[in-house]
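Colleague: Below you'll find the structure I mean.
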């Protein structure tokens, strides 16, 4: 497995080129640049390797450049670059993974307590029972909360961003799944402990009605949590990826996007051709432009890709 | 270390050192390189949440993602990258190239990186599509070029050779070896590729190829598809080869969309020896054994299904939940293989391939011109035989009995022309011109020297196990000669003043014009038997008869127009 690192060479060239470029960048637009924009940018421009400011100051000369060079299609996207903050759902994802970690530690704690409770002891083990209950409750809460977050993550609006989100969701889902499998087994333990406990009691003491009620309540609780689990499982099965199938192939996931875009393009063209027929029927091109564009705006999803396609198709006309 | 592991390690190393959320950006060829070795869920585990093609026009800025580019160092890719670096969409850029970068390319990139977003530039030599552990392909689009002389279309021929050299070089860099190089003397294109590879390894980049010497240097043998035109023309009866011949495999994917009665999730299936253990153990089995094994698998599956049905206690439920992913996987797998085998039996039935294949094998393996002529004539007269099978039969006959009886050969040509409307006149003659007996180096039909004739007769006396799989590709003989050190220097000369001392431990055989799965099987079976020499097979594409005939037609068309001019 040979690899070759060309980074040093690359950096050498880049540094060499920068020393050439900087005077050019500050010279030619300096007459136009600082005079038109605020003076702050020119003072920051000399600064060199500062994080936030440099990116803006480097951008400004570029912007004043744009009308001259004409090779700058994405000026509008520049504005976003300066923000630099990830979208809100990233926080969600992080929260989920944090919750998962917490749940994991709790589960291991629970396992320990279980072991302790199963050991023969002279006390009645009431305390252990209590901690087990509390822990189980906490874990269920955590899982439920995470699940809700996971649902919130689900993508809205067709874009690449949503693709990323879907994928993140998938990954968190996988984590989640593993954890749940762990807990299921713990929950079962819980029940068996109860059984053991009650038999022990029965042989020793008279059964009181109060105790039976208690037991019933616990069983109901177990049933409830099993049901909850089943629900979570059901929701999650949608998210889990089928490994080893075509869905798991990388290029399938790319092609999917591409074909959807292509499909959209075809649809647009169909709309256009219908419009064109109309135009010819009316023999009045100018009037028809507006309704035609209206149709297009109506038909296209509100994302940038669609807009680009749209302008392309319109330009082709 | 085998090919798939090598590619996986490369990709793993690419992704593991970059923490945080990543987007992987590929070009059209690295997509197949990566996806045969890695799966989407494995990428997710490495926190790659988006995979894009380099020519995607999207403008969405996602500065919270780090971009990992894995591209071939072609000039188009460099241009695209330049444009994207000028308007960065992502927070960080990590550039990986699948082959050797030119100095000028590095300069161009450095020039466009005004905002200094690039963090590293690396060469990771995973420049081949590792479809099986010992079988790689380069997936070349213009594969027919190898049949044409270089003067017909110099730019295409040049790029064809370059790609082949790049691919071979990458394989050896990944293996950390520098080989001695031999080529097939009668093939110009093989010679050219061998010479350019030698130049790259021993002159231009000798520093890069300077590895620790092994006791015996490994061997690279470059041969030409036209030396064995028979193998890609035959019908196949082992699982992997058969699927490719009848349905078609592309980067370990099978497209079943055109088959009747296929459920929606089975329209495109993955057939990878890495992910599918049933396929791994059956890919080289013949069709009959495969049917038996599938039946056992279905029975097992049924048992599991039954046990899943009676869930009564919570314990059962827990078990079910735990085993559910495994169960789902098995269910998908079973229905995949059953679908595929059903479809193949349907095709075999429809095209009467049992009869056709028997005659094909007779033509390829046994003598007897008169009987062969009769059999082929009979099949040509049969209305139910498809056009492509007729064409192949005549081609096989022509290759075998080119010189024996010209009159009868002409009769077959005429018959074929009158029978099949689809038949392009002169295609068989073109094949003979390309791969006729005068052009071939190896003893394709085992009838040139006495030893081979004797061996053939001995085999004839012993009887064959299975009439459908009696054919051995020429590659088998070539491999044997290499192991025994009997590959003749006259036919397969060395490049430069290197010589083979002793038995090579690693041999890479590159077939210009494409490999077949039958040959891949031969190589894999040999490696499994473990005789001390390990073979790796590679080619410009993976052929089936359809692809081979398409290339032939394309080459014929081009050579005809160039002659007309």
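Colleague: Once each part is reduced to its C-alpha centroid, what is the distance from segment B:510-544 to segment B:133-174 in angstrom?
Modeller: 17 Å
Colleague: Roughly how many nanometres apart are two label points built 7 Å out from the Cα toward the Cβ at residue A:108 and residue B:354?
Modeller: Simple spin-label model gives 6.2 nm for this pair.
Colleague: For chain B, what does -39500 (n - 2.57) per DSSP helix run (n ≥ 4), summed and divided by total residues, give at 222 nm, in deg cm²/dmol to the nearest 500? Can you show the working numbers first?
Modeller: On the way: 20 runs with 281 residues, N = 565.
Taking each H run of at least 4 residues, the total per residue is -16000 deg cm²/dmol.
Colleague: What ratio of Cα Rg to 2.2 N^0.38 Å holds for segment B:313-357?
Modeller: So segment B:313-357 has a normalised radius of gyration of 1.98.
Colleague: Taking neighbour Cβ counts within 10 Å as the exposure measure, how do A:249, A:102, B:400 sort from fewest upward?
Modeller: Going from sparsest to densest Cβ surroundings: A:102, B:400, A:249.
Colleague: Sticking with this one: Could you tell me what percent of the DSSP beta bridges with both partners in segment B:1-138 are antiparallel, to the nearest 5?
Modeller: Close to 10 percent.
Colleague: Take the Cα pairs of chain B, get the Kirkwood Rh, then feed it into Stokes-Einstein at 4 °C and 1.567 mPa s and tell me D in µm²/s.
Modeller: 50 µm²/s
Colleague: How many times 2.2 N^0.38 Å is the alpha carbon radius of gyration of segment B:249-405?
Modeller: 1.46
Colleague: Let me ask something else about it. FRET efficiency for residue B:386 and residue B:489, Cβ-Cβ distance as r, R0 = 35 Å, nearest 0.05?
Modeller: 0.20
Colleague: In units of 2.2 N^0.38 Å, what is the alpha-carbon radius of gyration of segment B:1-160?
Modeller: This ratio for segment B:1-160 stands at 1.10.
Colleague: Additional query: From zero outward in steps of 10 Å, how is the percent of C-alpha pairs of segment B:47-124 spread across the bins?
Modeller: Final binned percentages: 18, 59, 22, 1.
Colleague: Let me see the pair-distance distribution of segment B:96-202: every alpha carbon pair, 5 Å bin width, integer percents in order.
Modeller: For segment B:96-202, the pair-distance distribution reads 2, 10, 17, 20, 18, 14, 9, 5, 2, 1, 0.
Colleague: I would also like to ask the following. Pulled fully out, how much extra length does the chain show between residue B:347 and residue B:250, if you take 0.36 nm times their separation in residues and subtract their Cα-Cα distance?
Modeller: Net length gain for the segment: 33.0 nm.
Colleague: Oh, and also: Tell me the relative contact order for chain B as a rounded percent, counting alpha carbon contacts under 8 Å between residues six or more apart.
Modeller: Reported relative contact order: 18 percent.
Colleague: Calculate the spin-label point distance for residue A:213 paired with residue B:267, positioning each point 7 Å from the Cα along the beta-carbon direction, and give it in nanometres.
Modeller: 6.1 nm
Colleague: Using only the Cα atoms of segment B:507-565, construct the convex hull and provide its projected area averaged over every direction, in square nanometres to one decimal.
Modeller: For segment B:507-565, the mean projected area of the Cα convex hull comes to 4.6 nm².
Colleague: Taking beta carbons within 10 Å but only from partner chains, what does the mean come to for residues B:115-127?
Modeller: That works out to 5 on average.
Colleague: Then there's this: Quick one: if you take sqrt(5λ) for each eigenvalue of the C-alpha gyration tensor of segment B:100-144, what semi-axes come out, biggest first, whole angstrom?
Modeller: Values for segment B:100-144, descending: 31, 14, 9 Å.
Colleague: Further question on the same structure: Compute the distance from the alpha-carbon center of segment B:269-320 to that of segment B:182-233, in whole Å.
Modeller: Segment B:269-320 and segment B:182-233 have Cα centres spaced 43 Å from each other.
Colleague: I've got another one for you. What is segment B:1-55 by shape, rounded, prolate or oblate, if you read a ≥ b ≥ c off the alpha carbon gyration tensor as root eigenvalues and call it rounded for a/c under 1.5, prolate for a/b larger than b/c, and oblate otherwise?
Modeller: Oblate.
Read-outs: derived from the displayed coordinates by stated rules, not from any lab. Computed from a predicted structure; not experimentally measured. Counting neighbours? That spans all protein chains shown, and the Cβs are built from the backbone with ideal geometry, glycine included.
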